[in-house]
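The values are calculated or read from the model by the stated rules, or taken from the named source; none is laboratory data. A quick note: this is a predicted structure, and the numbers were derived from the prediction, not measured. We place every Cβ from the backbone using ideal geometry, glycine too, and count neighbours over all the protein chains shown. Protein only, heavy atoms only, side chains kept; ligands, DNA and RNA dropped before computing areas. Shrake-Rupley method; radii C 1.70, N 1.55, O 1.52, S 1.80 Å.
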Amino acid sequence: MRKTSRLPNLRNLGVALRILIIANLALILGAFILSDGIATLMYQLTGISTFAQPILLVSLFLLYSGYLLLSKMSYRLAIIAIFILITLSAVVVYAFFSQFWIFSDLPSLTRIVFYAWIITAIILYYFNLHHRAYSPAVTEARLQALQARIRPHFLFNSLNAVLSLIRDQPKQAETALEDMADLFRVLMAENRELVPIAQEIALCRQYLALEKLRLDERLHVEWLIDDVPPDILIPPLLLQPLIENAVYHGIEPLAGGGTITIQVYTKQNEVHLILKNPYTAQSRHHSGNNMALKNIKERLTLHFDLEASLKSKQVGDTYEVHITLPNQQQKTYA
């Protein structure tokens with residue numbers, strides 16, 4: 001574990017958004033304390049924001065740029081370094097405004113730095129409390145609980161596939177049971193960390209092979225993954241529950257079956273996973289669809305905060321799930 005385990009990830013979008021919200025709430029509170037009415041409140045808030053917003057933006061830039069260095073320090077040294085960076089931001093912005101400020105009531109540098117320190121202390125205290133509430137042990141327990149909910153569904157559907165073969169195709173049923181044993185060794189592992197996407201795709205292919213035995217020509221799968229680096233890291237059991245949903249809600253209700261399309265691609269610093277399956281309004285299966293989606297959304301939040309998203313929509317007779325997450329690769333992930 002890093003020495004700076006309590007230091008927030010200053011390159012995370014969710015962390016940056018929380019910093020902006022807390023800082024601006026503190027500015028509003030400060031303006032409210034200094035004012036005695038709505039008119040003076042707006043005046044105070046405008047005056048404070050004129051200095052505070054540039055300092056905030058410069059500070060976020062410096063913290064983002066220096067996060068890798070900060071993450072190698074002890075927590076105490078990292079906090080000292082953060083206060084130094086905040087002070088540097090305030091001094092730079094003050095120097096700029098002192099050259100171009102057209103008003104005579106320029107606030108003192110000491111007052112600006114002191115106020116910046118107070119807001120910084122509040123934000124760091126918030127993240128310290130947040131770290132305690134979402135400590136690694138708590139996060140891992142939540143992840144394990146969420147993933148544990150997936151396994152019974154997988155077992156039930158896989159056994160159904162095997163049972164459909166026992167009487168007519170016993171040798172294929174035996175092979176399917178061997179595949180299930182391999183799959184369950186993966187599923188029952190302690191999947192706390194991100195895994196290479198190649199591992200998740202291999203798991204999905206094995207699962208689809210079992211479903212293919214049951215559904216035969218009714219199930220078609222289209223993989224659009226040719227340009228995807230195999231070492232991209234994603235949460236375990238991310239695609240498999242979606243594919244399971246696609247089979248149960250999209251393929252099974254249709255007498256003629258249909259095609260499941262699985263597309264994965266990278267764009268800038270993001271990984272996009274798109275799954276499409278047939279949709280029929282007459283199906284009674286759709287009511288259970290949201291459980292898996294909520295499960296995956298919560299796991300994405302635990303792993304990536306606001307940097308990941310899951311969106312689902314129905315377009316005509318097609319149901320689509322689109323997942324976006326940051327592009328992290330095994331060789332650079334720590």
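Cβ-Cβ distance below 7 Å, separation of 6 or more or different chains: which pairs start in the stretch 119-144 with a residue that is closer than 16 Å to Asn9 by Cα and open to solvent by less than 60 Å² (accessible area, probe 1.4 Å) and end on one that is modelled with pLDDT of 75 or more and among the small types (Gly, Ala, Ser)? Qualifying pairs under 7 Å: Ile123/Ala23. Of the residues Thr261, Thr266, the single one that is assigned to a strand (DSSP E or B), over 22 Å from the mean Cα position of the chain (by Cα) and farther than 22 Å from Gln172 by Cα is Thr261.
Annotation: Gly250 fulfils all but one of (1) surrounded by fewer than 15 Cβ atoms within 10 Å (Cβ to Cβ); (2) in contact (Cβ under 8 Å) with a residue 40 or more places away in the chain; (3) under 21 Å from Asn295 (Cα atoms); the unmet one is (1). Consider the stretch 195-231 and keep the residues that are in contact with a Pro (Cβ under 7 Å, 6 or more places away or on another chain), among the hydrophobic types (A, V, I, L, M, F, W, C) and at pLDDT 90 or above. The one that is least open to solvent (accessible area, probe 1.4 Å) is Ile197. Scanning the stretch 70-85 for residues that are over 27 Å from Phe96 (Cα atoms) and open to solvent by 90 Å² or more (accessible area, probe 1.4 Å) gives Lys72, Arg76, Leu77.
Per the listing Leu62, Leu10, the residue uniquely modelled with pLDDT of 90 or more, under 29 Å from the mean Cα position of the chain (by Cα) and surrounded by 14 or more Cβ atoms within 10 Å (Cβ to Cβ) is Leu62. Of all residues in the stretch 211-244, those satisfying the criterion of being free of Cβ contacts under 8 Å to residues at least 12 places away in the same chain and under 28 Å from Glu174 (Cβ atoms) are Lys212, Asp216.
Of all the listed residues (Ile80, Ile102), the sole one being at pLDDT 85 or above, among the β-branched types (Val, Ile, Thr) and more than 28 Å from the chain's Cα centre (by Cα) is Ile80.
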